[in-house]
Structures are given as C-alpha cells and as structure tokens.
Amino acid sequence: MTCRKCRETPVIHLPNSNISLCKKCFLRYFEKKVRKTVRIYKLFNKGDTVGIALSGGKDSMVTLNILKSLAEQQRTTKIIAIAIDEGIKGYRDETLKFAKKFCEENQIPLKITSYKKEFGMTLDQILKKLEIKPCSVCGVFRRYLLNKEAQRNKIDILATGHNLDDETQTILMNQFRNNVAASSRLGPLTGIKDDKKFIRRIKPLYFLTEKEIMTYAFIKELATPFNECPYAENSFRGKVRDALNKLNSEYPSTKNSIIHSFLETLPLLKESYKKQDISYCNTCGEPTSKEKCQTCKYLELIKK
Amino acid sequence: MKIKVFDEKSKQNIEIEANTIKEISEKLNIGLGEVIIVKNGELVTEKAILKDQDELKFLSVVSGG
Ligand code: SF4
Ligand SMILES: [Zn+2]
Ligand SMILES: [Zn+2]
C-alpha cells in the first residue's frame, strides 16, 4: 500500500473515498478542505477579526493552527484565541497549560476568562452546591461567556472546533428527540446576521472527521495527552457515536451522506424556523428566546 | 509474533500474539475508525506490516468533553 498520489508510505486511509495518503499529501488534502469550506460558506471576510474558542483539545488546537496560517496569507484578517476556564481540577487546568504555551510560542493573543471570575464560583464549586447535570450548566455558562468575551474583544465571528462527527451525531440526536428546530441552528455558519449582541459561529472543520483531525494534530504535534473531563456523561451522544461509527465502518459513506443530505434541507429548515425571533434577557441583556436567559436562571440558583 | 501494545487509558504495555493490526484491534475490541495507529513512533494505517516486537499505540480520536 502506498500513497495514492506520490507512492510514499501512507499515514491514513480515507474510507469514504477509499484512498490512502502519505503525510505530505494528507496535510495538503486537509488544509485544502478547510480553505474550501471557508470559501464556499463565506465563513469570514478579509479584514475580519476572527475569534477561536480554544479549549486546548485537538479540535480547537487544529482550528487555531489552520486559521492562523490562513490569516497570515490574507494579511488583513486578525485572530484572537478565547479560552474559558470552567474550573475543573485535573482537567481544564491541564489542557489550558498546553493552549497557553502554544499561543505564547506562536504569538497569538489569548484571552482567558473563568467561571470563577465571571460567576463567582468554579464549576467544581457550583456542582458541590447544586444538584444539576454538570454538562447542562457548564454548556450554558460556556456559551454565554464565549459570546460575552467575543464582544469585549470586538470579534466579528467566532470559530469552534466542531467536526463532521460532532455534527452528524447532533443531527441524529435531534431527529431521535424530535427536535428539528434545534437542527435549524446547525450548519457551518450559525447565528443571525447583523445582531450586535450575538456573535455568529463558524465551524471550519465541518467536513473533517475526528480521525482526520487527530491525524493532523499528531503530525503537527498539536495532540494533547489523553485527558477526559471527570463530569463527562454524554451517555446518549456516546451511544449515537458508537452506532454511527459501527455503521460507517460497514458503509463508509454514512457520515458524509448524513451531512450532505442535511445541508440540502438546511435552507428550508432555517426558513421555517426563522420567525422565532430573538429577544434579550431582561436581567443581563444577552440574547435569548425567553424573558430571562438560562444563564441568569442558573445564577439565581447558585446565589441562593 | 509478539506485538507490544500500549493501552492509553490504563497507560500500560500489553503483549499480544498477532500478525496484523486488524487482528489486534479485534482482540482488543478497538474500532479502527476511532483511533489513529502509531507504530514504533510513526503514524501508520491499519494495513501496515508488522514484525516481531513492534510497538503499537492506538490513540483515541474522541475528545474528552
Ligand atoms: S464534559 Fe460536561 S462538564 Fe466537562 S467540560 Fe464538557 S460540558 Fe463541561
Ligand atoms: Zn503522497
Ligand atoms: Zn440573562
């Protein structure tokens, strides 16, 4: 078995297209795919300040690495990394160390904000006080803080490390839960245009699998040692992931087909759910579909 | 032949009698779509040829939260 393009020893086999690629050809394939996603879906424009939500995990590290080189080519595009420290001992402190070091070495501005600073308590402390599902409160707070920190830094658009596996899992989970409205908020580019309070989100790794991203991270030495959040439950997502991976190993185009058929219906979904217009939380002023946002509801519980 | 396999989660080396990567992945119940494979420090595909005493690592591609 040799590389399909140059006969070198391959480092990865791509099941969907049934080709094997060597290190050099794989890097080229990967970067080209990201550039194409940015171009076709107009993820950002020249002159934009692009924020990258950085967790220190491989997906966000690869996103940062690639957007950095894209920004250098375009010259006028600026990038800023934003990290949220939830306050999870033995986990986030470790991944953030890696993120900080990388940003320092590559002269990338990095803004770190924390639950402790913003909400008065670390996630560890919150979970000692309240009996709630860790990922629910953690996810709500993270989304809120990312948006806030992006505004503070005058960011035009915020990139996350979401990949093809994440997206196909979420699409199926929404189907299984009969929540198509949630799917209308997926896709490579999300959020509402010209809403000053809501920073739009982009997913430059949208068409790349976890395996491809890990391969890229390994070659570029961006892979962090295996580390898992102690609160990770994810039982339903885990089951959907396992089922999808099994199916995909038997029918290698499964994930790709899900994404592409989804993208075909997405404009229709967006059209039929756009009427649910956004309003602003009457306590903190951040965007929400209710009177009081979920962040403020959780904060009330915490401060009791 | 004997292959040394590093287990990421327990951080231990185990020795497995096998001839191909596929055989090992089946014995250990590892889905090949969910890992990258490192043989003697180099990234390889599941088709790579093994020899006695090779060191293999399966690195999980799933992120932890
Ligand atoms: S796994 Fe859950 S608790 Fe841990 S960082 Fe992710 S969302 Fe937060
Ligand atoms: Zn090649
Ligand atoms: Zn609020």
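The values are calculated or read from the model by the stated rules, or taken from the named source; none is laboratory data. What you see is a predicted model, and the numbers here were worked out from it, not measured in a lab. We place every Cβ from the backbone using ideal geometry, glycine too, and count neighbours over all the protein chains shown. Heavy atoms of the whole protein, side chains included, go into the accessibility calculation; ligands, DNA and RNA do not. Shrake-Rupley method; radii C 1.70, N 1.55, O 1.52, S 1.80 Å.
Tabulated data for the structure shown
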{"item": "Contact order normalised by residue count of the stretch B:2-60, Cα under 8 Å, 6+ apart, percent", "result": "44 percent"}
{"item": "Contact order normalised by residue count of the stretch A:1-108, Cα under 8 Å, 6+ apart, percent", "result": "19 percent"}
{"item": "Exposure rank, largest accessible area first [A:GLU210, A:GLU221; 1.4 Å]", "result": "A:GLU221, A:GLU210"}
{"item": "Estimated D of the stretch A:74-139 in µm² per second, where Rh is the Kirkwood radius over Cα pairs and Stokes-Einstein applies at 20 °C, 1.002 mPa s", "result": "160 µm²/s"}
{"item": "Solvent-accessible area buried by pairing A with B, both sides, nearest 100 square angstrom, 1.4 angstrom probe", "result": "1900 Å²"}
{"item": "Members of the stretch A:193-215 that become less accessible by 50 Å² or more once partner protein chains are added (1.4 angstrom probe, chain alone as reference)", "result": "A:LYS211, A:MET214"}
{"item": "Calculated FRET value between A:GLN73 and A:GLU104, using beta carbons and R₀ = 30 Å, to 0.05", "result": "0.85"}
{"item": "Relative contact order (%) - criterion: Cα under 8 Å, at least six apart; region: chain A", "result": "19 percent"}
{"item": "All aspartates and glutamates inside 19 Å of A:LYS297 as judged from Cα atoms, apart from same-chain residues fewer than 8 positions distant", "result": "A:GLU86, A:GLU118, A:ASP124, A:GLU131, A:GLU286"}
{"item": "Isotropically averaged projected area of the protein assembly as shown, using the convex hull of Cα atoms (one quarter of hull area), nm²", "result": "19.1 nm²"}
{"item": "Accessible-area composition of the stretch A:154-238, carbon plus sulfur, in percent [1.4 Å probe]", "result": "50 percent"}
{"item": "Residue with peak Gaussian network fluctuation, chain A [Cα springs, cutoff 10 Å], from A:THR113, A:THR265, A:THR190", "result": "A:THR265"}
{"item": "Residues of the stretch A:17-34 buried by at least 10 Å² on assembly (accessible area, 1.4 Å probe, chain alone as reference)", "result": "A:LYS23"}
{"item": "Around A:GLY47: net Lys/Arg minus Asp/Glu count, Cβ-Cβ under 9 Å", "result": "0"}
{"item": "Estimated [θ] at 222 nm from DSSP helical runs (n ≥ 4, -39500 (n - 2.57)) normalised by residues in the protein assembly as shown, nearest 500", "result": "-13500 deg cm²/dmol"}
{"item": "Residue-averaged beta-carbon neighbours from other chains (10 angstrom radius) around B:30-39", "result": "5"}
{"item": "Pairs from A:LYS58/A:LYS270; B:LYS11/B:LYS39; A:LYS211/B:LYS57 whose Cα-Cα separation, in the structure shown, is over 19 Å", "result": "A:LYS58/A:LYS270"}
{"item": "Solvent-accessible area per residue, Å², over the stretch B:2-60 with all protein chains present [probe radius 1.4 Å]", "result": "58 Å²"}
{"item": "Calculated over the stretch B:2-60: convex hull of Cα atoms, volume per residue (Å³)", "result": "72 Å³"}
{"item": "Those lysines that a straight Cα-Cα span of less than 16 Å connects to A:LYS5, excepting residues fewer than 8 apart in one chain", "result": "A:LYS23, A:LYS24, A:LYS32"}
{"item": "Cα long-axis angle, helix A:92-105 against chain A (0 to 90 degrees, to the nearest 10)", "result": "60 degrees"}
